[in-house]
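See structure below.
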Amino acid sequence: MQHFSDAQVRELLPSPAESIDLMREALIALANGEGSVVPKTQVTHDVGGDTADGFANAMPASWPERGLLGIKWVTITPSNPPQGRPMTGGIMVLSDGATGANRCTMDAGELTALRTAAVTGATLALDDRPITFIGAGVQARSHARVIDALAARDREQGRTARGPLTLWARRTEALTEFEQWAAEHVPDLEIRTTTDRAAAVRDAGVIVSGLPIGLRGSELDPAEIQADATVLPLDYASVAGRAVAQRASLAADDPEQFETLRAMKLGTDYPQATAYTGEWLQKGRPDGLVVVQNLGSAMGDLLIADAVARAAGI
């Protein structure tokens with residue numbers, strides 16, 4: 001059975017635009033009950049350090065009508081980045097949905113980075129206003145690629161291109177590194193950077209947060225943001241805390257999974273999700289403030305992994 005390293009996966013991944021379309025399919029499939037997924041099974045590791053405890057998830061999924069079957073084992077280790085190691089790792093096992101035979105395995109780092117950003121990209125169909133991204137890590141770059149793809153699609157279809165993308169980080173060095181990367185990789189995307197978080201979120205229609213999972217003390221005050229903002233947290237409640245969520249309509253990619261994690265990750269007073277993200281994509285965004293908790297469903301990983309395998313001729 002063939003295994004693909006992260007470097008090989010990077011070369012085989014679908015384009016950001018193709019990935020956005022795949023994640024829209026995945027979100028709608030979840031909402032319509034077309035696939036089979038279960039809440040993530042989680043264990044902790046790397047406990048007792050200065051950062052949040054690490055954890056690992058087992059994430060199986062199948063889509064019988066498409067003959068798709070697979071499972072991702074993903075690790076999140078918050079103590080890694082200060083040591084120069086990636087925070088996210090793991091492996092994806094892809095099987096044949098008809099026979100159960102294994103098709104291939106692949107490292108999960110690159111796959112997860114693209115899937116996470118592409119889910120955001122699909123969700124941005126709900127709101128085309130200017131975007132602020134909170135954080136300057138790996139996901140900032142993945143999201144810039146996806147937003148650039150959306151802007152290119154806008155131009156192709158004769159619409160005003162998506163943007164600008166405002167990036168906030170505490171350190172000016174991180175912003176400078178991002179600007180240098182963006183000039184090479186997404187030169188057509190209008191990007192603004194700032195160390196002033198209040199200014200970054202004040203005028204943003206959409207706020208995407210990609211801070212370290214488990215970070216405390218970075219929650220937004222509802223008074224800081226627009227009353228009808230769209231908040232897309234990648235980091236559970238590091239930014240979209242209960243004060244914001246309790247005033248918002250709340251959706252999740254998989255509300256059942258969200259409910260199994262809500263008390264542990266967010267607290268019992270954090271509100272429940274009342275809709276699937278895929279429902280809103282089909283019916284439209286509700287009025288007012290909204291929070292979309294896309295936790296990362298294995299359905300999205302399965303579609304990206306299948307695209308990688310097909311690109312390799314498997």
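Brief remarks on what is shown
- Selection within segment 147-166 - within 18 Å of Ala183 (Cβ to Cβ) and under 18 Å from the mean Cα position of the chain (by Cα): Ile147, Asp148, Ala149, Leu165, Thr166
- Boolean, Gly67 is in the same structural domain as Gly100 (by TED's automatic domain parsing), within 19 Å of Phe258 (Cβ to Cβ), in contact with a strand residue (DSSP E or B) (Cβ under 9 Å, 6 or more places away or on another chain) and not hydrophobic (A, V, I, L, M, F, W, C): no
- Each residue in segment 87-106 was checked for being of a type outside the set (Ser, Thr, Tyr) and either in contact with a Leu (Cβ under 6 Å, 6 or more places away or on another chain) or surrounded by 16 or more Cβ atoms within 10 Å (Cβ to Cβ) (or both), and 11 of them qualify.
- Restricted to segment 276-314, and to residues there that are closer than 12 Å to Leu126 by Cβ and β-branched (Val, Ile, Thr), the residue that is surrounded by the fewest Cβ atoms within 10 Å (Cβ to Cβ) is Val290.
- When the criteria are applied in full, Arg242 fails the requirement of being surrounded by fewer than 20 Cβ atoms within 10 Å (Cβ to Cβ) and touching a residue at least 40 places away in the same chain (Cβ under 8 Å).
- For segment 260-274, residues that are within 16 Å of Asp235 (Cα to Cα) and either exposed (fewer than 13 other Cβ atoms within 10 Å of the Cβ) or among the acidic types (Asp, Glu) (or both) total 3.
- Subset of segment 251-281 that is touching a Phe, Trp or Tyr at 6+ places or on another chain (Cβ under 9 Å) and outside any loop (DSSP other than H, G, I, E, B) - its residue that is nearest to Gln42 (Cα to Cα): Leu261
- Looking across segment 225-261, the residues that are under 14 Å from Trp280 (Cβ atoms) and either among the aromatic types (Phe, Trp, Tyr) or within 18 Å of the chain's Cα centre (by Cα) (or both) come down to Thr230, Val231, Leu232, Leu250, Ala251, Ala252, Asp253, Asp254, Pro255.
- Considering (1) under 25 Å from Trp168 (Cβ atoms); (2) at pLDDT 90 or above; (3) out of contact with any Ser or Thr (no Cβ under 8 Å at 6 or more places or on another chain), the lone condition that Leu289 does not fulfil carries the number (3).
- Selection from segment 159-181 of residues that are assigned to a loop (DSSP other than H, G, I, E, B) and either under 20 Å from Pro130 (Cβ atoms) or at pLDDT 95 or above (or both): Arg159, Thr160, Ala161, Arg162, Gly163, Pro164, Ala169
The values are calculated or read from the model by the stated rules, or taken from the named source; none is laboratory data. All values reported here derive from a predicted model rather than from experimental measurement. Neighbour counts are summed over all protein chains in view; Cβ atoms, including those assigned to glycine, are modelled from backbone coordinates with ideal geometry.
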